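Have a look at the structure below, then the notes.
The values are calculated or read from the model by the stated rules, or taken from the named source; none is laboratory data. No experiment lies behind these values; they were computed from the predicted model shown. Counting neighbours? That spans all protein chains shown, and the Cβs are built from the backbone with ideal geometry, glycine included. For the accessible areas, the whole protein counts, side chains as well, though only heavy atoms, and no ligand, DNA or RNA atoms are used. Shrake-Rupley method; radii C 1.70, N 1.55, O 1.52, S 1.80 Å.
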Amino acid sequence: MKFTYALLFFSLIALLDYLLMVRLCSTSNLGTLLPAVGSMGCFSWAMLRLMFHEKATPIWWKRGERMLVVTVLIAALIFLSVEGVILVHAFPRRAPEVNYLVVLGAGLRGEALSLTLYRRLTAATDYLQEHPKSKVIVSGGKGPGESTTEAAAMKNFLLQQHIDEERILVEDRATSTWENLRFSHAVIGKDTNDPQPTLAVLSSEFHLFRVRCLAHRLGWKPYLIAARTPWYLLPNTCTREFFAIAKSFWLDR
């Protein structure tokens, strides 16, 4: 019965996490929905165990539950291994002055910056003020619930921070990390004749491992710059990133 009670406990924790993420996040995404799915899964498993506890447990249930436990343990091992790699890449070394800084977009609420995008742009502003010769590419198209492109909102923010407009290049078509990098690569190619300009990519710290992998597919070896995520969002963003890495591994080519 201890295992059953543990499932009910995790179901409650996951449900509370889901309700918190719905309150904090403006839009539903995989990071907000996964706790709800996990809560329903744990609750259903616990209810089945309680139901079979009242009667003779059928052999098919015993065998099925053993297989489920093994599957969950293997999945947990894979998950923790990937999360470890994400953590290793979350603290990159300090980037020197580069020719181009690529800032990856994140969600908007209408025209308002999400907290994730605000933190990326704050980090970008600090870098650009410290390195006045670097140009910046703001990258992001228009997604659901957004009344303008992410790139336009990003440019407006940087202009308000007194970044010279001549330093800002706009990539406003991308709807994914792969497109962010690929389309920004094309923007840089139009702006310079240098076949190997120095590059840095700025994104949230949990995102940097995937950024590095996708950049290498384009032949880039960029410096990475991390924007910090609030601690209370990290469990969800890192879980979501696990599935995004799997998707990028198979599809982003």
Packing rank of 206-214, 228-236, 131-139, where each peptide gets the mean count of other beta carbons within 10 Å, highest leading: 206-214, 131-139, 228-236
Check which residues have an amide H placed less than 5 Å from Leu169's amide H, if you skip close sequence neighbours. Val136, Ile137, Val138
Using θ = phi - 60° and the Karplus form 6.51 cos²θ - 1.76 cosθ + 1.60, what ³J(HN,Hα) does each residue of region 223-232 get, whole Hz, x for Gly and Pro? 6, 10, 10, 9, 9, 7, 9, x, 4, 6
How far is helix 30-53 tilted, in degrees, relative to the longest principal axis of the Cα atoms in the chain, given as a value from 0 to 90 rounded to the nearest 10? 10 degrees
Distance from the Cα centre of region 139-211 to that of region 50-108, in angstrom? 29 Å
Pick from Arg94, Arg63, Arg182: which residue has the top mean-square fluctuation in a GNM of the chain where Cα pairs under 10 Å get a spring? Arg63
Share (percent) of C-alpha pair distances in the chain greater than 23 Å works out to 56 percent
Read phi for every residue in region 208-213 and hand back ³J(HN,Hα) as whole Hz from Karplus 6.51 cos²θ - 1.76 cosθ + 1.60, θ = phi - 60°, with x for Gly and Pro. 5, 4, 5, 4, 4, 4
In debye, nearest 20: dipole of region 66-176 around its Cα centre with unit charges on the Cβ of K, R (+) and D, E (-)? 360 debye
Pick from Pro35, Pro92, Pro144: which residue has the top mean-square fluctuation in a GNM of the chain where Cα pairs under 10 Å get a spring? Pro144
Between Ser147 and Thr198, 0.36 nm times their residue separation minus their Cα-Cα distance comes to what? 15.0 nm
Over region 154-229, with every protein chain in place, what whole percent of the accessible area is carbon and sulfur at 1.4 Å, could you tell me? 45 percent
Near the amide H of Ala227, under 5 Å away, which other amide H atoms are found, from residues 5 or more places off or on another chain, if H is placed in the peptide plane? Ser203, Ser204, Glu205
Which order do you get for Met21, Met47 if you rank them by accessible area with a 1.4 Å probe, largest at the top? Met47, Met21
Could I have the simple spin-label model distance between Arg212 and His131, label points 7 Å from Cα toward Cβ, reported in nm to one decimal? 1.7 nm
Note down the nm distance, to one decimal, between modelled labels 7 Å out along Cα→Cβ at Glu111 and at Asn99. 3.5 nm
If the reach is capped at under 25 angstrom between alpha carbons, list the lysines near Lys142, excluding any in the same chain fewer than eight residues apart. Lys155, Lys190, Lys247
What percent do you get for the relative contact order of the chain when only Cα pairs under 8 Å and 6+ apart count? 20 percent
Order Glu97, Glu165, most accessible first, counting only protein heavy atoms with a 1.4 angstrom probe. Glu165, Glu97
Value at 222 nm in deg cm²/dmol, rounded to 500, when DSSP H runs of n ≥ 4 in the chain each add -39,500 (n - 2.57): -20000 deg cm²/dmol
I want to verify the translational diffusion coefficient of region 104-209 in µm²/s; compute it with Stokes-Einstein, Rh as the Kirkwood radius over Cα pairs, at 25 °C and 0.890 mPa s. 177 µm²/s
Go ahead and run the numbers for FRET between Trp231 and Ser81, Cβ-Cβ distance against an R0 of 22 Å, rounding to 0.05. 0.50
